[in-house]
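Student: Have a look at this one.
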Amino acid sequence: MNKNIILAGVGGQGILTIAAIIDLAAMGEGLKVKQAEVHGMSQRGGAVQSHLRISDSEIFSDLIPLGKADLILSVEPMESLRYLPYLSSGGTIVTAIQPFDNIANYPNLDNILNTIKNSGRSILIDAVALAGEAGNLKSSNMVLLGAASPYLGIEKEKIEKSIEQLFSRKGQETIDINLRAFKLGLKASENKPVNI
Amino acid sequence: MNKQLLLGAEAIALGAIDAGISGVYAYPGTPSTEITEFIQNSVVAKKSAIRSTWSANEKTAYEAALGMSYAGKRSLVCMKHVGLNVAADAYINSAITGVNGGLVVVVADDPSMHSSQNEQDSRVYGKFAFIPVIEPSNQQEAYDAVHYAFELSEKTKLPVMLRITTRLSHSRAIVSQGISRPQNELAPETDTKKFILLPANARAGYLRLLDKQTKLASYSEKSVFNRIVDGEGNFGILAFGIAFNYVMEVISEHKLDIPVLKISQYPLPEPIIREFTEKLDQVLIAEEGYPVYEELLRGFFNNKKFTGRLDGTLPRTGELTPDHLAKALGIKMAETKTIPAIVANRPPELCKGCSHRDLYEALNAAISGFEEKHVFSDIGCYTLGALPPFNSINTCVDMGASVTMAKGAADAGLRPAVAVIGDSTFTHSGITGLLDAVNDKSPVTIIISDNGTTAMTGGQDSSGTNKLLDICKGVGVDEKHIKTIVPLKKNMEENIAILKEEFEYEGVSVILACRECVQVAVRKKKADR
Ligand SMILES: Cc1ncc(C[n+]2csc(CCOP(=O)(O)OP(=O)(O)O)c2C)c(N)n1
Ligand code: SF4
């Protein structure tokens, strides 16, 4: 068992919550984990990424080598493309389709989405709509986690348990919303025709 | 055993709590900040009364740590690499005095300058001070290295440096917690000369330090953090600290059979390096940071047996990656996808509603009527005023330099001479410069953009909060030329007028531009709920 995941987004979008849940689930399975994060300057609205590695054997490098990521999980469409050199030939992109437009020259969104579709196996998720359906727009990260869950190498029940664990302090309602978001994301991704 | 997923920085903090420190002293700085924050938030640390509030700068932090060590207790001092420049006087001299209770200085380097002005390698400072340096390669080693470093510090009576880099500090892995040890009892230094660096004592102290060097190298030789990986052939790799990870990543991924010697402690242990390199024809030296030991081993006459960053086998600058090592080991890279041309850069920016935004807008308008438009600035969120749409500042060099560079430029005849400095940077290193300007009656306008926090590094308490007006008065700035403004859209016209007026004044003015950082405001609101 060996999974390399690039989490991508913009500083402040909360990709580390997604990472924390995957970490919990992986640790519960007795797997080894390494997770390189970006702190500092770029967190002010800049591009941020996290290299998350899970394995049943010793993980040496905190960084994923180029071409070795099994999954790019992005909460922002343009950001999913920034890390393409890391994606392995059979790798998958799971991304939200909502742009985070804080720059003057944000490219045309249709062009971005088409480029993603042409970049390998990709699953584009309307995370905001599904988060709304789940009961809170803030749960869009859990929608994406759900959509990516078939590619994590960890059983989905284990991930759901980690969601409960992570949000346990915030009360049952928050847990339910996030679990609902996770399931909606998973369903959307299972029903999606995958572009190859 | 208790297992936790920890950042390298957090592993160090936990290690320090378990190693029985009585205090941590630090000024924030990426990538070292999380060490102190972890201790500040630790219930265990609180219970055992480990002191942990932020210091005004790295020098005050280092000296306080030395004082705690003088009193016989264990102290930890943490900083980013450039912080050691600020603390360097205390640091170098503390190697001559030596320590009493264990003193460990954690220095976090930032190769590739992810959040820094340079990528200086603190191992050079280790050699400069003649003290032991430990360079852990992973989070578990980071945890273990703290215990080890405190033991070594008390055994050698020297400060010990723990050198880490951004990657280790900001990456998580599973760490097993070891046993914890009680704090030292109060036992002040009994040697009446050791800490008085009058020339006669200092000469003796320096000789004492030099005498220890052979012993220190023998400790490095036996260090538990060294590792030998067996392999065949006449090519081998000497890997230092975290570079070992990238070497092993490539070796295990591509099933290579190459001998590797990992060294994680300095001064460099000669015998094992001699033994390892002697039987090889070619040795790749992999080190994160400057080619410090590659240079040493190549020597002045450029012994070509050694390759690394100096001959281009590895890149001369920047952080290493597994891909650099793969290339250096002759692995053919499979074709990878490229970043599509459509992807635009997304640099960091000031938050929406940030007070620095309204300040820069006013400043740009106020200075627009002058022929020379130079603004000396400093380090903090407000440095982002260098980028569009503001393009407001001309300098950012080192903490406090805005005030003193403006003064020097004013001395040269530049008008107006304007400085923009954050509140935390001002108390870190700006006050003394302001005193110079007052004593010289320099025509400068010092704008202190006071958002009540140390925002750039994540919003730590700022030591001058609610004291800045009194500090400026106390330093001797004429009260008539200390103006407080609130950088908000609705005050724009008024603020521009005040700035213009002070730019014209032929003496020292201070503008206190006060409005809370919006991120801190949001966090407070959340905490209140
Ligand atoms: C010697 C040194 N220590 C620490 C740092 C890290 N650092 C950069 S900016 C900054 C905080 C600045 O705070 P402030 O001046 O209040 O400005 P703000 O970010 O709040 O706008 C710190 C700690 C550094 N660059 N140099
Ligand atoms: S963190 Fe605070 S000071 Fe920094 S840009 Fe945001 S609002 Fe401004």
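The values are calculated or read from the model by the stated rules, or taken from the named source; none is laboratory data. These numbers were taken from a predicted model, which means no experiment stands behind them. Virtual Cβ from ideal backbone geometry, glycine too; neighbours counted across all protein chains shown. Accessible surface is based on the protein model in full, side chains and every heavy atom, while ligands, DNA and RNA are left aside. Shrake-Rupley method; radii C 1.70, N 1.55, O 1.52, S 1.80 Å.
Student: How big is the dipole moment of region A:51-161 about its Cα centre under a simple scheme where the beta carbon of each Lys and Arg is +1, that of each Asp and Glu is -1, and everything else is neutral? Debye, nearest 20, please.
Tutor: Working: 9 positive and 13 negative charges, 25 e Å.
So the dipole magnitude of region A:51-161 works out to roughly 120 debye.
Student: Follow-up. Provide, as a two-decimal number, the C-alpha radius of gyration of chain B over 2.2 N^0.38 Å, N being how many residues it has.
Tutor: Numbers: Rg = 25.3 Å, N = 529, 2.2 N^0.38 = 23.8 Å.
Expressed relative to 2.2 N^0.38 Å, the Cα Rg reads 1.06.
Student: With +1 assigned to the C-beta of every Lys and Arg and -1 to the C-beta of every Asp and Glu, and no other charges, what is the dipole magnitude of region B:240-377 about the Cα centre in debye, to the nearest 20? Write out the running numbers ahead of the final one.
Tutor: Values: 16 positive and 20 negative charges, 59 e Å.
Dipole size: approximately 280 debye.
Student: What's the total accessible area buried between chains A and B, using a 1.4 Å probe, rounded to the nearest 100 Å²?
Tutor: Working: alone 9520 and 23950 Å², together 29460 Å².
Counting both chains, the buried surface is close to 4000 Å².
Student: Over the residues of region A:32-178, compute the C-alpha Rg and express it relative to 2.2 N^0.38 Å. Intermediate values should be presented prior to the final figure.
Tutor: On the way: Rg = 16.0 Å, N = 147, 2.2 N^0.38 = 14.7 Å.
Relative to the 2.2 N^0.38 Å estimate, region A:32-178 comes out at 1.09.
Student: Turning to a different aspect of this structure: Cα-Cα pairs above 24 Å in region B:275-405: how many percent?
Tutor: Numbers: 4980 of 8515 pairs.
For region B:275-405, the share of Cα pairs beyond 24 Å comes to 58 percent.
Student: Further, regarding this structure: Using a Gaussian network model of chain A with C-alpha springs under 10 Å, which one of A:ALA69, A:ALA147, A:ALA20 is most mobile by mean-square fluctuation?
Tutor: Evaluated over chain A, the most mobile residue of the options is A:ALA20.
Student: Between A:SER89 and B:GLU504, with labels modelled 7 Å along Cα→Cβ, what's the label distance in nm to one decimal, could you check?
Tutor: If labels sit at A:SER89 and B:GLU504, their model points lie 7.3 nm apart.
Student: When only DSSP loop residues count, what GluC sites (Glu not before Pro) in region A:17-113 have their Cβ near at most 12 other Cβ atoms within 10 Å? Could the numbers behind the result be given before it?
Tutor: On the way: sites: A:GLU29, A:GLU37, A:GLU58, A:GLU79; in loops: A:GLU29, A:GLU37, A:GLU58.
For GluC sites (Glu not before Pro) across region A:17-113 that sit outside H, G, I, E and B with at most 12 neighbouring Cβ atoms in 10 Å, the list reads A:GLU58.
Student: Can you list residues whose amide H is under 5 Å from B:ARG346's amide H, if they're 5+ apart or on another chain and H is modeled 1.01 Å from N?
Tutor: Amide H to amide H, under 5 Å and 5 or more residues apart or across chains, B:ARG346 pairs with A:ALA47.
Student: Rg and Dmax of region A:105-144, using alpha carbons, in Å: what are they?
Tutor: 12.4, 33
Student: Once label points are set 7 Å from the Cα along Cα→Cβ at both A:LEU109 and B:ALA187, what is their separation, rounded to one decimal in nm?
Tutor: Placing both labels 7 Å along Cα→Cβ, they lie 6.8 nm apart.
Student: Using R₀ = 51 Å, calculate the FRET efficiency as 1/(1 + (r/R₀)^6) where r is the Cβ-Cβ separation of B:LEU435 and A:ASP56; round to 0.05.
Tutor: Working: r = 61 Å, r/R0 = 1.20.
My answer for the efficiency is 0.25.
Student: If you take the charge dipole of region B:247-296 about its Cα centre, with +1 on Lys and Arg Cβ and -1 on Asp and Glu Cβ, which of B:VAL283, B:ILE273, B:LEU296 is farthest toward its positive end?
Tutor: Of the listed residues, the answer is B:ILE273.
Student: Relative contact order for region A:2-191: what is it in percent, counting Cα pairs under 8 Å that are at least 6 residues apart?
Tutor: Details: 368 pairs, mean separation 40.0, N = 190.
Relative CO of region A:2-191 lands at 21 percent.
Student: Which shape class applies to region B:361-468: rounded if a/c is under 1.5, otherwise prolate when a/b exceeds b/c and oblate if not, where a ≥ b ≥ c are the square roots of the Cα gyration tensor eigenvalues?
Tutor: On the way: a/c = 2.03, a/b = 1.20, b/c = 1.69.
Oblate, since a/c reaches 1.5 and b/c is not below a/b.
Student: Quick one: how many Å² of B:HIS114 are accessible to a 1.4 Å probe, rounded to 10?
Tutor: Surface open to solvent at B:HIS114 totals about 80 Å².
Student: Just the number please: accessible area per residue for the protein assembly as shown, 1.4 Å probe, all protein chains included, in Å². Kindly include the intermediate steps, with their values, before the conclusion.
Tutor: Working: 29460 Å² over 725 residues.
Using a 1.4 Å probe on heavy atoms only, each residue of the protein assembly as shown averages 41 Å².
Student: Here's something else I'd like to know. Over region B:227-328, what percent of the accessible surface lies on carbon and sulfur atoms, probe 1.4 Å? Don't skip to the end; give the middle numbers.
Tutor: Numbers: 2310 of 4390 Å².
Roughly 53 percent of what the probe reaches on region B:227-328 is carbon or sulfur.
Student: For the pair B:LYS352 and B:GLN177, what calculated FRET efficiency results from E = 1/(1 + (r/R0)^6), where r is the Cβ-Cβ distance and R0 = 51 Å, to the nearest 0.05? Write down the numbers at each step before the final one.
Tutor: Working: r = 41 Å, r/R0 = 0.81.
With a Förster radius of 51 Å, E is 0.80.
Student: Let me ask another. Explain nothing, just the number: dipole magnitude of the protein assembly as shown about its Cα centre with +1 on each Lys and Arg Cβ and -1 on each Asp and Glu Cβ, in debye rounded to the nearest 20. Show your work: numbers first, answer last.
Tutor: Details: 75 positive and 82 negative charges, 206 e Å.
Dipole magnitude for the protein assembly as shown comes out near 1000 debye.
Student: For B:MET399, what accessible surface area do you get with a 1.4 Å probe? Give it in Å², rounded to 10.
Tutor: Accessible area of B:MET399: about 50 Å².
Student: Here is a follow-up. Using Cα-Cα distances under 8 Å and only pairs 6 or more residues apart, what relative contact order does region B:2-211 have, in percent?
Tutor: Numbers: 473 pairs, mean separation 63.6, N = 210.
It rounds to 30 percent for region B:2-211.
Student: What residues have an amide H closer than 5 Å to that of A:ILE125, excluding those fewer than 5 places away on the same chain, when H is modeled at 1.01 Å from N in the peptide plane?
Tutor: A:THR95, A:ALA96, A:ILE97
Student: Additional query: Calculate the spin-label point distance for B:VAL397 paired with B:ARG208, positioning each point 7 Å from the Cα along the beta-carbon direction, and give it in nanometres.
Tutor: 3.8
Student: Next question. How many percent of the alpha carbon pairs in region B:186-326 exceed a separation of 18 Å?
Tutor: Percent of Cα pairs beyond 18 Å in region B:186-326: 62.
Student: By how many nm would the segment from B:GLU151 to B:VAL124 lengthen if fully extended, with 0.36 nm per residue of separation less the alpha-carbon distance?
Tutor: Working: separation 27, 0.36 × 27 = 9.72 nm, distance 2.26 nm.
Additional length available on full extension: 7.5 nm.
Student: Additional query: Please give the length that would be gained between B:ASP89 and B:LYS255 if that part of the chain were fully extended, namely 0.36 nm times their separation in residues minus their C-alpha to C-alpha distance (nm, one decimal). It would help to have the intermediate numbers written out before the result.
Tutor: Details: separation 166, 0.36 × 166 = 59.76 nm, distance 4.77 nm.
The B:ASP89-B:LYS255 span can extend by a further 55.0 nm.
Student: Quick one: among A:LEU81, A:LEU66, A:LEU145, which has the greatest mean-square fluctuation in a GNM of chain A with alpha-carbon springs under 10 angstrom?
Tutor: A:LEU66
Student: Another question about this same structure. Quantify, in whole percent, the carbon and sulfur part of the accessible surface of region B:355-523 (1.4 Å probe; protein heavy atoms only). Mind showing how you got there, number by number?
Tutor: Working: 3640 of 6850 Å².
Whole-percent figure for carbon plus sulfur exposure: 53.
Student: Looking only at other chains, what is the average number of their beta-carbon atoms within 10 angstrom of each beta-carbon in A:27-34?
Tutor: Numbers: counts 4, 0, 0, 0, 1, 2, 4, 8.
For peptide A:27-34, the averaged partner shielding equals 2.
Student: What order do B:THR313, B:THR190, B:THR53, B:THR277 take when sorted by accessible area (1.4 Å probe), most exposed first?
Tutor: On the way: B:THR313 45, B:THR190 125, B:THR53 90, B:THR277 15 Å².
Largest accessible area first, the list is B:THR190, B:THR53, B:THR313, B:THR277.
Student: From the backbone phi of region B:424-436, what are the Karplus-calculated ³J(HN,Hα) couplings (6.51 cos²θ - 1.76 cosθ + 1.60, θ = phi - 60°) in whole Hz, Gly and Pro given as x?
Tutor: Couplings: 6, 5, 4, 6, 5, 8, x, 5, 5, x, 5, 4, 4 Hz.
Student: Springs between alpha-carbon atoms under 10 Å, Gaussian network over chain A: tell me which of A:ILE72, A:ILE64, A:ILE103 tops the mean-square fluctuations.
Tutor: In the Gaussian network model the winner is A:ILE103.
Student: Moving on. Taking GluC sites (Glu not before Pro) that fall in a DSSP loop and have at most 12 other Cβ atoms within 10 Å as cut points, what is the longest piece of chain B between them? Kindly include the intermediate steps, with their values, before the conclusion.
Tutor: Values: sites that count: B:GLU185, B:GLU232, B:GLU335, B:GLU371, B:GLU372, B:GLU506.
The longest such stretch corresponds to B:1-184.
Student: Under the rule of at least 5 residues apart or a separate chain, name every residue whose amide H is placed under 5 Å from the amide H of B:VAL510.
Tutor: The answer is B:ILE446, B:ILE482, B:LYS483.
Student: Just reorder B:ARG203, B:ARG415, B:ARG123 by solvent-accessible area, largest first, 1.4 Å probe, all chains present.
Tutor: Values: B:ARG203 155, B:ARG415 90, B:ARG123 0 Å².
Most to least solvent-accessible, the answer reads B:ARG203, B:ARG415, B:ARG123.
Student: What do you get when you divide the Cα radius of gyration of region B:1-132 by 2.2 N^0.38 Å, with N the number of residues?
Tutor: Working: Rg = 14.2 Å, N = 132, 2.2 N^0.38 = 14.1 Å.
My calculation over the Cα atoms of region B:1-132 gives 1.01.
Student: Keeping every protein chain in place, order B:ILE228, B:ILE331 by accessible area at 1.4 Å, biggest value first, i.e. largest first. Can you show the working numbers first?
Tutor: Working: B:ILE228 110, B:ILE331 35 Å².
Most to least solvent-accessible, the answer reads B:ILE228, B:ILE331.
Student: Can you give me the Rg/Rh ratio for the protein assembly as shown, using Cα atoms for both radii and the Kirkwood formula for Rh? Before the final figure, lay out each step's value.
Tutor: On the way: Rg = 26.9 Å, Rh = 27.5 Å.
Taking Rh as the inverse mean 1/r over Cα pairs, Rg/Rh reads 0.98.
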